[in-house]
Structure formats: structure tokens, C-alpha cells
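Below is one structure, written out as C-alpha cells, with a few remarks after it.
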Amino acid sequence: MERPQTARSKKFVTVAFAVTAFFLSAAGLGTNAEPLMLATRHHLPPYVYKTASSGIEVDLIKAIFKDMQVDIKFIQMPRIRMIQSFDRGEVQGILTQNVTVSDIGCATDWYLKHQNVGFTLAEENIQLSTLQDLQKFSVLSFDGARKYLGEAFRMAVDNNPRYKEYINQAAHIELVYLKRFNVIIGDEWILRLAQRNHFDKTGKYKRMTAHYIMPPSLYSARFQDQTICDAFNKSLSKIRNSGNYEQIVSAYHQRIMIAATVF
């Protein structure tokens, strides 16, 4: 049972929506308004670095809101708290959302893609063609993967007693090196970067094979007001058409691949 709102939290919600109203009424969606508060994730390279100063997602969002001529402020939180804060109206926007999981506020067009893959040790010569092949192996994925990777993935791993989820993806590389698991599931770029970081820390490296056995996960933003969603979609389309979107994403991918091929 949810606790009733305190006077303080009610005041916070009132202020948050007052800011949004001012934001929407100002010229050009509010060039003189207070920054729009956006809930985002903690440090998760290469998408969000440290204090949300850079990263693929951070740079894309900055480019979109620059085109909108709107100032923003990133509020970093754990994923569950992000959702709770948005649902209570304590922030005006929330990033990296599956468009189907909520009907609060409005969802934008997708702006961020996570290509989740299966990584295996090349020396084991494991063949993965479909998600169903995962049932033959011990599998490790990130916390919440059953929920976020879709129904097909959940069905593929639900009856596998050797399937586990572990929050610290940086440790996944060591666990597959030690052959505690045959397959690790996660975002391709997070895992490639984690493998490079693991080498820098330990000097250990084993060649791995990426198996593209699932479609990419596409993420939207949510806002409390439809006017912001509409402006976001318009600016997102502009940076896609100008090539700026691809330049931002490709620059990070190229740096990661260069770092990963020095072995």
C-alpha cells in the first residue's frame, strides 16, 4: 500500500508542474525557463559517464535539447527510483524507457538503441543461432534482463536452471573467463568496454565471439506534457536527418573498437 503524500512531497509536485507550465508558456518552449529535470541512470559506460557529463545517451539528449533551445538538468538515480520519481511528478522527464511499460505522461519516438548479444569464449566454439539455444548452456545476464529483454528472451531462459542475473556487469567478463558461465548476455558496447577495462586492470584477455540472437532494444523518453514530447520528436528527427545523431553514436563505437583491437 502506498503511503499518502506528505505536505513536502505535495509541494514538490506542485512546484514541478508549475515549472513545467512556465516552461511551456515561454517563447520557443521556454528559453528563459528553469532547466527541465530529467531522471537518468547512474554511471553506465558508454551510455552515461559518471556525473552524466558525457556518454552516448547524454550527448544525444544534449543535442536534441540544444535544438529545442531548452536547458536541462540530469538527475541520476537507480532505475526503480527514476520511475517512482517520474510517476509522482517529481521530475518532468525520464530517459531510457520501454515505450510499452507505462502510460503515465507521453512517450517520445525511440532515440536510443541497445544491441544485446550473447558473448562466449571463442575457444569453446559455442554455436548460438536463436534464443532457444540458450537452454543448452549456463547463462549470465544483467539484473532485470528477464523484464527488459522481452517475452521471447524470458521464455528462453525461464526453464533454464543454469540461468542467473547479476547486477555488476563489470564482473561478468571474469566469470565467463573462469568458465563459470558459457554465455553472458548484455549490451554489445557495455560488454566490449567492460572487457577492455578488465584487461587494463588484470592483464587477462581471451578472445570472445558475439552472437546476434535478438533484436535491438529501442528506448524512448517520457515527459509529463505532450508539448515537450512533440518538440522532442521534431528535434530528434532533425538531428537524425542532419547526420549529427550518427556522428555521436559512431564516434563512441569507433573509440571502443579501437581500444578493443589493440590485443
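The values are calculated or read from the model by the stated rules, or taken from the named source; none is laboratory data. Only a predicted model underlies this, so the values are computations on that prediction, with no experimental measurement involved. Every residue, glycine among them, receives a Cβ derived from its backbone with ideal geometry; neighbour counts consider all protein chains shown. Side chains are part of the model used for accessible areas, which takes the heavy atoms of the whole protein and leaves out ligands, DNA and RNA. Shrake-Rupley method; radii C 1.70, N 1.55, O 1.52, S 1.80 Å.
Observations on the model:
- Overall, the chain carries a charge dipole of about 640 debye about its Cα centre when +1 sits on the Cβ of Lys and Arg and -1 on the Cβ of Asp and Glu, all other atoms neutral.
- Neighbourhood net charge (14 Å Cβ-Cβ; Lys/Arg +1, Asp/Glu -1) for residue 35: +1
- Ranked by solvent-accessible area (1.4 Å probe, protein heavy atoms only, all chains present), the residues 235, 102 order from largest to smallest as 102, 235.
- Trypsin sites (Lys or Arg not before Pro) restricted to segment 187-216 and DSSP loop, no more than 10 other C-beta within 10 Å: 207
- CD proxy at 222 nm, helix term only [per DSSP H run n ≥ 4: -39500 (n - 2.57); per residue of the chain; nearest 500]: -12500 deg cm²/dmol
- Look at the dipole of the chain built from charges on Cβ: of 94, 242, 220, the Cα furthest out on the positive end belongs to 94.
- In terms of accessible area, using a 1.4 Å probe and ignoring ligands and nucleic acids, 59, 103, 87 rank largest first as 103, 87, 59.
- Each residue of segment 206-218 was assigned a 3J(HN,Hα) from its phi angle through the Karplus curve 6.51 cos²θ - 1.76 cosθ + 1.60 (θ = phi - 60°); the sequence is 9, 5, 10, 10, 9, 10, 8, 9, 8, x, x, 8, 9 Hz, with glycine and proline shown as x.
- Checked against a 29 Å cut-off, the cross-linked pairs 66/201; 50/136; 136/204; 62/179 give Cα-Cα distances beyond that limit for 66/201; 50/136; 62/179.
- Rounded to the nearest 10 Å², the accessible area of residue 178 at probe 1.4 Å: 90 Å²
- The heavy atoms of residue 42 present about 90 square angstrom of accessible area, all protein chains included, probe 1.4 Å.
- Antiparallel %, DSSP beta bridges [both residues in the chain], to 5: 60 percent
- Probe 1.4 Å, all protein chains present, accessible-area order of 189, 110, largest first: 110, 189
- In percent, rounded to a whole number, the relative contact order of segment 109-192 is 45, using alpha-carbon pairs under 8 Å and six or more apart.
- Gap separating the Cα centres of segment 230-263 and segment 68-120, nearest whole Å: 19 Å
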